[in-house]
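> I'd like to ask you about the structure that follows.
The values are calculated or read from the model by the stated rules, or taken from the named source; none is laboratory data. All figures in this text were calculated on a predicted structure; none of them were measured in a lab. Note: ideal-geometry Cβ built from the backbone for every residue, glycine included; neighbour counts use all protein chains shown. Protein only, heavy atoms only, side chains kept; ligands, DNA and RNA dropped before computing areas. Shrake-Rupley method; radii C 1.70, N 1.55, O 1.52, S 1.80 Å.
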Amino acid sequence: WAGYGSLPKLNAKDPQVRNYLFAGGNDAVGPYWMSQGVSGWRLDVATDVDPGSLQAPDNGFWKGFKKAIGEVSSDAVLIGEHWGHATSLLLGGEWDSVMNYRLQTALMSWMFDECRGWGCAGGKVFEDSEHNGASVLGPMQASTESQLEAKLLSIREDYPPQVWMSTMNLLGSHDTARVLFDLKKISSDSAEMARKKLKFLVS
């Protein structure tokens, strides 16, 4: 996967792969762990397995996975990692919800005062490996309350109501810079202000 030999990319359409992971009865990976008390699954880089029924209607990997774990537990939940627009996987047959990186970007932009040093442009734009012009998230840049509202409404309009009410809202993850690092960068390099903004965001 992604050129790393230690991370083999399985063929999601291969029946043996599907049987091993979900279609092979109660001993398959997904159903087995549900029977052991797992409440659901958070799916890392899940669009690399199946991009969604709207984009690849012949794949159906996550549909099969969801059906298999649902037969063990009707409350089973699937939350997928997706950094951008995840509608194609949230129409009822695949994921139940999504990691809301779009909200993280909107909130960070709203918290933006001034940026200094590495990654900063003109004091009002910050770019790193996750937030940049080539990323679906775009750069962090100062925004007003009205712009924040527009971004939130955009996310809400993209998803079914039940998804909007259950997204996995996060300020950072193992794939992003630490939240205090980002908040410090967009707060004139002030660690004290970064801590205050973090307390405000989680309150």
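> Inspect all residues belonging to region 44-61 and state whether any of them is over 16 Å from PRO160 (Cα atoms), outside any loop (DSSP other than H, G, I, E, B) and open to solvent by 20 Å² or more (accessible area, probe 1.4 Å).
Yes, there is a match, as at least one residue in region 44-61 is over 16 Å from PRO160 (Cα atoms), outside any loop (DSSP other than H, G, I, E, B) and open to solvent by 20 Å² or more (accessible area, probe 1.4 Å).
> Picking from ALA191, ALA142, which residue would you name as being under 15 Å from TRP110 (Cα atoms) and surrounded by fewer than 19 Cβ atoms within 10 Å (Cβ to Cβ)?
Answer to the check: ALA142.
> Filter region 26-43 down to the residues that are among the polar types (S, T, N, Q), in contact with a helix residue (DSSP H, G or I) (Cβ under 8 Å, 6 or more places away or on another chain) and open to solvent by 80 Å² or more (accessible area, probe 1.4 Å) and list them by number.
Hit for region 26-43 is ASN26, nothing else.
> Something else now. Name every residue in region 1-25 that is open to solvent by 70 Å² or more (accessible area, probe 1.4 Å), under 21 Å from LEU89 (Cβ atoms) and aliphatic (A, V, I, L, M), in order of residue number.
Listed by number, the residues that qualify are ALA2, LEU10.
> Could you count how many residues in region 87-99 are at pLDDT below 90 and either touching a strand residue (DSSP E or B) at 6+ places or on another chain (Cβ under 6 Å) or part of a loop (DSSP other than H, G, I, E, B) (or both)?
3
> While we're on this one: Exactly one of (1) surrounded by fewer than 22 Cβ atoms within 10 Å (Cβ to Cβ); (2) touching a Leu at 6+ places or on another chain (Cβ under 9 Å); (3) β-branched (Val, Ile, Thr) is unmet by ILE69. Its number?
(1)
> Look at region 1-20 and say how many of its residues are of a type in the set (D, E, K, R) and within 13 Å of ASP48 (Cα to Cα).
Residues that pass the stated criteria total 2.
> Being small (Gly, Ala, Ser), assigned to a loop (DSSP other than H, G, I, E, B) and out of contact with any His (no Cβ under 7 Å at 6 or more places or on another chain) narrows it down to one of ALA68, ALA2, so name that one.
Just a single option satisfies the conditions, and that option is ALA2.
> Would you tally the residues in region 145-163 being open to solvent by 80 Å² or more (accessible area, probe 1.4 Å) and closer than 20 Å to GLU81 by Cα?
Residues in region 145-163 being open to solvent by 80 Å² or more (accessible area, probe 1.4 Å) and closer than 20 Å to GLU81 by Cα: 4 in total.
> Take GLU94 and tell me if it is in contact with a Lys or Arg (Cβ under 7 Å, 6 or more places away or on another chain) and within 22 Å of GLY40 (Cβ to Cβ).
yes
> For region 100-124: of the residues being part of a helix (DSSP H, G or I) and hydrophobic (A, V, I, L, M, F, W, C), which is most open to solvent (accessible area, probe 1.4 Å)?
The extreme case among them is TRP110.
A quick yes/no check of all residues on (1) more than 22 Å from the chain's Cα centre (by Cα); (2) assigned to a helix (DSSP H, G or I):
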site	(1), (2)
LYS9	no, no
LYS13	yes, no
TYR20	yes, yes
VAL38	no, no
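> Next up: Just one of SER173, SER166 is open to solvent by 40 Å² or more (accessible area, probe 1.4 Å), touching a strand residue (DSSP E or B) at 6+ places or on another chain (Cβ under 8 Å), part of a loop (DSSP other than H, G, I, E, B) and in contact (Cβ under 8 Å) with a residue 24 or more places away in the chain; which is it?
The unique qualifying residue is SER166.
> Another question about this same structure. Of the residues that make up region 77-96, is at least one open to solvent by less than 70 Å² (accessible area, probe 1.4 Å) and on the phi > 0 side of the Ramachandran plot?
So far as region 77-96 goes, yes, one or more of its residues are open to solvent by less than 70 Å² (accessible area, probe 1.4 Å) and on the phi > 0 side of the Ramachandran plot.
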